[in-house]
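Values quoted throughout were computed directly from the atomic coordinates according to the rules given, and no laboratory measurement underlies them. No experiment lies behind these values; they were computed from the predicted model shown. So basically every Cβ, Gly included, is an ideal-geometry build from the backbone, and we count neighbours across all protein chains shown.
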Amino acid sequence: LRQKNPSITAGRPLSVWAYGIGAHDGVTLGSHWETLAWLKVHGFPINPFAERLESVEEVARACNGWEHRRVELDYEIDGIVIKVDDLEQQRSLGALHQRPRWARAFKWAPMTATTRLLKISIRVGRTGALNPWAIMEPVEVGGVTVSRSTLHNEEDINRKDIREGDDVIVQRAGDVIPQIVGPAGKHRRGTKPFKMPERCPLCDAPVVKPEGEAMHRCPNRACPSRGLESLINWVQAAADIDGVGEQLVRRLWELGLVRSLPELYRLSKEQLLELDGFAEISATNAIAAIAASKQVPFRRVLFGLNIPDVGWVTAQNLARHFGNVDRLGAATTEEMVECEGIGPERAEAIVDWFADEDNRRLVDELRALGLRFEADEDDRPVAGPLTGTQYVITGTLESMSREEARAALEALGAKVSDNVSKKTTGVFVGENPGSKVKKAEAAGVPILADADLQELLRG
């Protein structure tokens, strides 16, 4: 759609449903239903099936009815959005991480299809983890052509008995994320159980599998994957830079324009303008978004630094406990284990990271560029109805990402940890969970499902 000649875009066979308005003057609206009516009167296309219902029971009947009627539509839908009608109530409910609390998406069971698994490839992540993914013969699943899917780890692949060359069943979880469910019938002759490579496909270093972990890893800290994947993680997750995604990062990497976080923050509008697809406005917006990301909180900066064993939860705990990067960088292993969720091995890995001269230089460089390395009010725990509870999340949840679940629990005062202990209130388990389930069972900690999480968040 991004064409220099707007007539090309105008020729695309696109249509749109208007469902809301932004800033406006001279009109007073009290409800979402009134907003739709106003849009329709003024010539905007409104979905003819939108309706206002009076009870939860009516909403449930509509959701169930449309699951069967969706085949009648000439476009694909994967669910229904349910909204609170009163605009004042919407404002009172607010949003969590830019996601409105007054709107919820009801998703239907995923559709499935059968195709051939051509190859299991390996992608080396920012922490050295070897992530297998499937290359399949393209197949349409719920109106979308699917040819690739993530496969989690070797243990999960062999548990599902997935093999290269087999016909497999593919589904889109929530009609969005492609997943291989398992083989479609008997294995083809000559197929073999999957085994992880013994050497890293990028740097040829011997692959290791740490005891107690599901993932195989490349131990080479100089592996080419680390820099690129760290940048992708930074723009997509840690800093969540609007308009700057994986495709642009890969392009900048290949052109040699950005090979590190500091280089990202030194990128200029003039450099972007030399690239196809960028004009004055788009280049200006991208540079402005990168500059704005310097204000992300300390905990998110820590998460994005690619410190071993430091995910969202651990980064937040470190930010709360030490307060700034100077105290964190100077901490001993003994001082590190005093932080919640930090055991001896993790403490040693974090201390070793900060002892590395290149890493300390990276921190100094980013601080000089204006990024935040000191905790603020956002890093302090929130008091709420779940204060005093502590949860662990493992596996892939159906209703939301683990980061969204963590944020929702913390907004109600709960602590979310990476580690299971006797202090853990419960462990929320999604698809393809890790070793935390066995640890929870051994410790007598309750195992909870996605439905339990939704019920808890509803209060």
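Laid out as a table, the results:
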quantity	calculated
Long-range Cα-Cα pairs in the range 258-410 (distance over 29 Å), rounded percent	30 percent
Gain upon complete extension [ARG52, LEU275; 0.36 nm per residue less C-alpha separation]	75.5 nm
Stretch gain in nm, segment LYS294-LYS423, where the contour uses 0.36 nm per residue and the Cα spacing is subtracted	42.9 nm
Where labels lie 7 Å past Cα in the beta-carbon direction, separation of ASN5 and GLU357 in nm	5.7 nm
The range 154-274 pair-distance distribution - Cα-Cα, 10 Å bins, rounded %	11, 26, 29, 25, 9, 1
Nitroxide proxy distance, nm - points 7 Å out along Cα→Cβ at ARG159 and HIS24	4.9 nm
Fully extended contour minus Cα-Cα distance, from VAL144 to ARG69, at 0.36 nm per residue	25.1 nm
Anchor LYS160: lysines whose Cα lies under 29 Å away (excluding residues fewer than 8 positions away in-chain)	LYS107, LYS119, LYS186, LYS192, LYS195, LYS209, LYS436, LYS438, LYS439
Virtual spin-label span in nm between ARG251 and ARG327, 7 Å along Cα→Cβ	4.3 nm
Kirkwood Rh in Å, taken over all unlike Cα pairs in the chain	25.3 Å
The range 6-107: radius of gyration and largest Cα-Cα distance (Dmax), Å	15.7, 47
Pairwise Cα inverse-distance average, inverted: Kirkwood Rh of the range 234-296 (Å)	11.7 Å
Mean residue ellipticity (222 nm) of the chain, computed from DSSP H runs ≥ 4 via -39,500 (n - 2.57), nearest 500	-10000 deg cm²/dmol
Rel. contact order, % - alpha carbon contacts under 8 angstrom, at least six apart, the range 390-458	38 percent
FRET efficiency estimate (nearest 0.05) - Cβ-Cβ, SER15 to GLU403, R0 35 angstrom	0.60
Relative contact order, percent, the range 109-220 [alpha-carbon distance under 8 Å, six or more residues apart]	27 percent
Two-decimal log10 I(q)/I(0) for the range 298-379, as the Debye equation yields it once each C-alpha is a single scatterer, q = 0.12, 0.14, 0.16 Å⁻¹	-0.28, -0.39, -0.51
Pair-distance profile P(r), taking every C-alpha pair of the range 369-453, with 10 angstrom steps and integer %	18, 46, 26, 10, 1
Taking the range 237-307 and dividing mean pair separation by its residue count, relative contact order in percent (alpha carbons under 8 Å, at least six apart)	47 percent
